[in-house]
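Here's a structure for you.
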2 protein chains.
Amino acid sequence: MAHHSTALDGVFLALADPTRRAVVHRLGHGPASVGDLARDTTMTLPSFLKHVRVLESSGLIHTRKTGRVRTCELNRERLAVVEDWLARQRRLWTGRTDRLEQFVTGPEEKNPT
Amino acid sequence: MAHHSTALDGVFLALADPTRRAVVHRLGHGPASVGDLARDTTMTLPSFLKHVRVLESSGLIHTRKTGRVRTCELNRERLAVVEDWLARQRRLWTGRTDRLEQFVTGPEEKNPT
């Protein structure tokens, strides 16, 4: 549970930046090199690399180096952690609305035959 | 677009903390006072109030003061901003998979009759 919570902290923090969200979006089209990704921005390579590191440490992307080229790939499963959390909140509201409705219509409506 | 991006920054940042996520989860059950919410944590009221302010400035919660009691309420629409962003990423992957499939099966399969 604590581990899952730490994962959420990292993923939410990584997504709280437009440059990093743009990288996630770009990698949704397929893997790309750090050089190509950096060219999509107006920042220097060292500044951009800091964002890559935040994304990598959050688990949202994987990187691998072949020769002099570092390629980034999206880890979709990590985004699912956020989707799961949001879905749990939504179930809570839906459940609350259902219970309110049940209260208004009466318990005999619970199991209509 | 810039406004939307700033909204996402604030919401993602607000959710990158277990205390603030616990408040969002708790408020999913209905409005609650700052005092009651703070009692669910082990932190002091001033420390907890900082989290309330981050949530409020992100737009995830609204607060109103009646007499000496400040009540917090969840603003579900703000969470929808995150859901929309995630849904857009997912559509991108799905579209990519569809295009790959189309490439493999051939363009004549695009509009089967």
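What about B:GLY59, is it open to solvent by less than 50 Å² (accessible area, probe 1.4 Å) and modelled with pLDDT under 95? Walk me through how you get there before you give the answer.
Working: open to solvent by less than 50 Å² (accessible area, probe 1.4 Å): yes; modelled with pLDDT under 95: no.
No: the conditions fail for B:GLY59.
If I go through the stretch A:10-40 residue by residue, how many of them are out of contact with any helix residue (DSSP H, G or I) (no Cβ under 6 Å at 6 or more places or on another chain) and among the polar types (S, T, N, Q)?
Of the residues in that region, 1 qualify.
Among the residues of the stretch B:5-13, is any facing another protein chain (nearest Cβ under 10 Å) and hydroxyl-bearing (Ser, Thr, Tyr)?
Within the stretch B:5-13, the first condition is being facing another protein chain (nearest Cβ under 10 Å), and the residues that meet it are B:5-6, B:8-13.
Still in the list and also hydroxyl-bearing (Ser, Thr, Tyr): B:5-6.
Checked the stretch B:5-13: at least one residue is facing another protein chain (nearest Cβ under 10 Å) and hydroxyl-bearing (Ser, Thr, Tyr).
Just checking, does the stretch A:83-92 include any residue being farther than 24 Å from B:ARG76 by Cβ, at pLDDT 90 or above and at the interface with chain B (Cβ under 10 Å from one of its Cβ atoms)? Walk me through how you get there before you give the answer.
Restricting attention to the stretch A:83-92, the residues satisfying the condition of being farther than 24 Å from B:ARG76 by Cβ are none.
Looking for residues that are farther than 24 Å from B:ARG76 by Cβ, at pLDDT 90 or above and at the interface with chain B (Cβ under 10 Å from one of its Cβ atoms), one finds none in the stretch A:83-92, hence no.
Of all residues in the stretch A:43-81, which are within 14 Å of another protein chain (Cβ to nearest Cβ) and without any contact (Cβ under 8 Å) to a residue 24 or more places away in the chain?
Of everything in the stretch A:43-81, those that are within 14 Å of another protein chain (Cβ to nearest Cβ) and without any contact (Cβ under 8 Å) to a residue 24 or more places away in the chain turn out to be A:ASN75, A:ARG76, A:GLU77, A:ALA80.
Take the residues in the stretch B:62-95 that are among the polar types (S, T, N, Q) and farther than 16 Å from B:VAL24 by Cβ, then tell me which one is surrounded by the fewest Cβ atoms within 10 Å (Cβ to Cβ). Reasoning before the result, please.
Filtering the stretch B:62-95 for residues among the polar types (S, T, N, Q) gives B:63, B:66, B:71, B:75, B:89, B:94.
If we keep only those that are farther than 16 Å from B:VAL24 by Cβ too, we end up with B:66, B:89, B:94.
Working: B:THR66: 8, B:GLN89: 18, B:THR94: 11.
The qualifying residue surrounded by the fewest Cβ atoms within 10 Å (Cβ to Cβ) is B:THR66.
Further question on the same structure: Filter the stretch B:31-42 down to the residues that are touching a Lys or Arg at 6+ places or on another chain (Cβ under 7 Å) and open to solvent by less than 30 Å² (accessible area, probe 1.4 Å), then identify the one that is nearest to the other protein chains (Cβ to nearest Cβ). So that I can check it myself, show each step before the final result.
At the first step, the residues of the stretch B:31-42 found to be touching a Lys or Arg at 6+ places or on another chain (Cβ under 7 Å) are B:32-34, B:37, B:40.
If we keep only those that are open to solvent by less than 30 Å² (accessible area, probe 1.4 Å) as well, we get B:32-34, B:37.
Working: B:ALA32: 13, B:SER33: 18, B:VAL34: 20, B:LEU37: 16 Å.
The extreme case among them is B:ALA32.
Within the stretch A:28-42, track down each residue that is without any contact (Cβ under 8 Å) to a residue 12 or more places away in the chain and of a type in the set (Asp, Glu).
Across the stretch A:28-42, the qualifying residue is only A:ASP36.
Would you mind telling me which numbered condition in (1) within 9 Å of chain A (Cβ to nearest Cβ); (2) at pLDDT 95 or above B:ARG96 fails?
(2)
The values are calculated or read from the model by the stated rules, or taken from the named source; none is laboratory data. Computed from a predicted structure; not experimentally measured. Backbone-built Cβ (ideal geometry, glycine too); neighbour counts: all protein chains shown. With ligands, DNA and RNA removed, areas are computed over all heavy atoms of the protein, side chains included. Shrake-Rupley method; radii C 1.70, N 1.55, O 1.52, S 1.80 Å.
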